[in-house]
Amino acid sequence: MTSIASPTATRTAATVKARKAALGSFVGTAIEWYDFFIYGTAAALVLGKQFFPGTSDLAGTLAAFATLAVGFVARPIGGIVMGHFGDRIGRKSMLVTSLMLMGCATVAIGLLPNYAAIGVFAPILLVALRFVQGLGVGGEWGGAVLVATENAPEGKKGLYGSAPQIGVPAGVLVANLVYLPLAAFMDDDAFNSWGWRLPFLLSAVLVGVAMWIRLGLEESDEFTASKSEAPAESMPILEVLTRHWKTVLLAGGTFIATNGIAYAYMVYVLKYGETELGFGKTTMLFLLIASCPFWMAGMAFSAHKSDTLGRRTVYIRSSIALVVAAAVFFPLIDTAIVPVMLVSMIALGFTLGCCAGPQAALFAELFPAHIRYSGASLGYQIGAILGGGLAPVIATALYAAFDTSFAITVYFVIIAVISLVSILLLPEPQLIPKTTAAQKAS
């Protein structure tokens, strides 16, 4: 006799699966972004001296930030390639692949000889490894978001979708917590020669933990159902580009400010506080670390609200707030009063979180399941390359050209307005019904 599971047992199993998917998305994303962000911190603090010697401090900083941007150039490629296979064969395999790419590249950077040791090959290899990092993280976000949202209970896709989003500031937090004691207790010579490498080498342990969790994930019922109902699209990216290109561009536009301002806030401000305001590395790292929990709180709050008020409504309100926060951020930072600077960092972090919170579910709901990995990834990565990939370089160049942070503030406000207009033009997505095993059987 075939036993039939009770509705309670089915709901319990579904809840366990949803929570496991959210945890796997959060932990893996946090560790991958830890890898991505330690590079940004190192670029702000030390890479210019190690891999681009013989230049001025400004030229070395610009060169280091340019290598940071290389990772963003690679991200759309990673999103397209892993999106293709993620839509055809499954989300889980691509999440494992992205984690391996990121982890191996990060550890290799930690072992890479500097310019003094191998000459011009040092910056060339650094750029190549940064490119591999970009490929890995480019395929990460779409898969992590889909695993979380497609397995989420009805009415909680926004909240569960925030798990990989929260993994981003969690990665920033861990990255800077690792750098803080190194900057505080090591002298500059030791830090510059070998201390900066330790966070990169630590990645080997963190990636091992994330891999163990991710190998236990399952594909969602929704993805499985889409595979059984229709044959897999031979080239998902072609359908995205031919039928959904406006949606992809607008989705990318909504993310330009969130990502661009966030990278300036996480990376450029570390350098700015040290070189222009005269603070030490420890003070600036502390300010960033203290603001990260508020960044995560903003994500959870707005994601939860998006389940009741709608993704677009919450995103519009948050984007308006970001225009205001972008306008006052540097004027408050320039006071050089640490409590005021902390308030500025917290306010901007919380607002950025509110913008990012509903984004996972919003992007997932914009595309049908059979092309969702490709569509969501491409929209996200377009916003990333136009936002975060260029922001530290642009901010550094603007300050060098105008000798005032007001130019950076104008840049912040412009991209915040671009993102606000993009979300105003993007229609409210249709909520995607969750396909259960019971529904398939019927």
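The values are calculated or read from the model by the stated rules, or taken from the named source; none is laboratory data. The structure presented is a predicted model; accordingly, all values stated were derived computationally and were not measured. Here the Cβ positions follow ideal geometry from the backbone for every residue, glycine too, while neighbour counts run over all protein chains shown. These accessible areas exclude ligands, DNA and RNA; they are computed on the full protein's heavy atoms, side chains included. Shrake-Rupley method; radii C 1.70, N 1.55, O 1.52, S 1.80 Å.
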Per DSSP H run of at least 4 residues, take -39500 (n - 2.57); add these up for the chain, divide by its residues and hand me the 222 nm value, nearest 500 deg cm²/dmol.
-27000 deg cm²/dmol
Compute a Gaussian network model of the chain, connecting alpha carbons closer than 10 Å, and tell me which residue from Y115, Y39, Y315 fluctuates the most.
Y115
Taking only protein heavy atoms and a 1.4 Å probe, what accessible area per residue, in Å², does the chain have with all protein chains in place?
38
Relative contact order for the chain using alpha-carbon pairs under 8 Å, separation at least 6, rounded to a whole percent?
25
The range 319-393 versus the range 394-412: alpha-carbon centroid distance in Å
19
Quickly rank 416-426, 343-353 as a protection proxy: mean count of other C-beta atoms within 10 Å, highest first.
343-353, 416-426
Please give the peptides 256-269, 183-196 ranked by average Cβ packing (other Cβ atoms within 10 Å per residue), highest first, as a rough proxy for protection.
256-269, 183-196
Counting only other residues whose beta carbon sits under 13 Å from that of E218, what net charge do I get with K and R as +1, D and E as -1?
+2
Suppose we keep just the alpha-carbon trace of the chain; what are its Rg and Dmax in angstrom?
21.4, 80
From the cross-link list K92/K246; K17/K305; K92/K305; K20/K92, the entries with a Cα-Cα span beyond 20 Å are K92/K246; K17/K305; K92/K305
Put a dot 7 Å past each Cα toward the Cβ at L177 and K156; how far apart are the dots in nm?
2.5
Net length gained if the chain between V324 and L424 were fully extended (0.36 nm per residue, minus Cα distance):
34.3 nm
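Once neighbouring chains are kept in place and the probe is 1.4 Å, which whole percent of the accessible area of the chain is contributed by carbon and sulfur? Don't skip to the end; give the middle numbers.
Values: 11980 of 16740 Å².
The nonpolar share, carbon plus sulfur, comes to 72 percent.
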Rounded to the nearest whole number, the Stokes-Einstein translational diffusion coefficient of the range 244-344 at 4 °C and 1.567 mPa s (Kirkwood radius, C-alpha pairs) in µm²/s is 85
